[in-house]
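As structure tokens, the structure follows; a few thoughts come after it.
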Amino acid sequence: MSIKRRTFFKWGLTGAALSIVKPLKAAEFVDQSFLVKQTGPIVISTWNHGLHANNAAWEVLVKGGKSLDAVEQAARVTESDVKNRSVGIGGMPDREGHVTLDACIMDEQSRCGSVAYLEGIAHPISVARKVMESTQHVMLVGDGAHQFAIENGFEKIKTPVPEVKAAYKKWKKENKDLFKKPEINHENHDTIGILALDAKGNLSGACTTSGWAYKLPGRVGDSPIIGAG
């Protein structure tokens, strides 16, 4: 029996969600039919900055809203946080001083959308959703993603923010060899991931990030890659 690629990713996403909600051994998963019994609404996300994101998602879910809307709104909260250094407007720049953003989103029907290396747009997660809902593509990157966002009226932002720009100038001064391999940050993460299950049992996920600080220009990590992010 063949399994369509997007269906495979859907079940992979579901498995990830279950491991976070309630870690189970494989045998327990089968015996308890956890996938069938689990009901919503539920929202989970990664890292401390996910707490505020969860609140935004919950406002959607508690009113009977869709899981897709919930994860998008959650991601937008973190993208708007000027104090967050790994996502959105407050993110750290690449080696050349440009803050480039990646995001992906998927709904319960295995539809998905993604953007990568997107600069100057407030909410890459919403652009990713627009790619999913209004184009024949899954992923847009770089200038193409930016042009698509502008054509569809998405809000612009100016980055980096002053505090980040000052940190970048200090880093650049202290690192004369700018072509060395960038180092992974000490927390070993650079993103937020959100999963939501709504009252109808529909599961959706979203991921948004600014990637590694001082990465090489053009670098795209796993976050916007469908099935990985």
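The values are calculated or read from the model by the stated rules, or taken from the named source; none is laboratory data. Since the structure is predicted, the reported quantities are computational estimates derived from the model, not experimental observations. Positions of Cβ are backbone-derived with ideal geometry, glycine not excepted, and every protein chain shown enters the neighbour counts.
Just a few scattered comments:
- Residue within region 131-139 that is surrounded by fewer than 19 Cβ atoms within 10 Å (Cβ to Cβ) and under 18 Å from Ala75 (Cα atoms) present: yes
- The residue pairs whose first member lies in region 84-110 and is closer than 13 Å to Val164 by Cα and assigned to a strand (DSSP E or B), whose second member is modelled with pLDDT under 95 and among the acidic types (Asp, Glu), and whose beta carbons are closer than 7 Å, counting only pairs six or more residues apart or on different chains, do not exist in this structure.
- Of all the criteria given as (1) modelled with pLDDT under 95; (2) crowded, with 21+ Cβ neighbours inside 10 Å; (3) touching a Pro at 6+ places or on another chain (Cβ under 8 Å), the one not satisfied by Ser86 is (3).
- Residues being more than 28 Å from Val138 (Cβ to Cβ) and either outside any loop (DSSP other than H, G, I, E, B) or at pLDDT below 90 (or both) - total across region 186-229: 2
- Qualifying residue in region 164-173 (condition: among the aromatic types (Phe, Trp, Tyr) and farther than 28 Å from Leu68 by Cα): yes
- Checking the stated criteria, Ala122 turns out to be small (Gly, Ala, Ser), modelled with pLDDT of 95 or more, touching a Phe, Trp or Tyr at 6+ places or on another chain (Cβ under 9 Å) and over 26 Å from Leu203 (Cβ atoms).
- Residues in region 125-144 that are of a type in the set (A, V, I, L, M) and either modelled with pLDDT under 95 or closer than 19 Å to Gly227 by Cβ (or both): Ile125, Ala128, Val131, Met132, Val138, Met139, Leu140, Val141.
- Residues in region 164-177 that are of a type outside the set (Lys, Arg) and under 12 Å from Pro93 (Cβ atoms): Val164, Ala166, Ala167, Tyr168, Trp171.
- The residue pairs whose first member lies in region 162-190 and is under 27 Å from Asp81 (Cα atoms), whose second member is modelled with pLDDT of 65 or more and part of a helix (DSSP H, G or I), and whose beta carbons are closer than 9 Å, counting only pairs six or more residues apart or on different chains, are Glu163/Gly90; Val164/Gly90.
- Residues within region 115-157 that are of a type in the set (Ser, Thr, Tyr) and in a loop (DSSP other than H, G, I, E, B), tallied: 1
- Counting the residues of region 44-59 that are in a loop (DSSP other than H, G, I, E, B), under 12 Å from Thr191 (Cβ atoms) and not hydroxyl-bearing (Ser, Thr, Tyr) gives 2.
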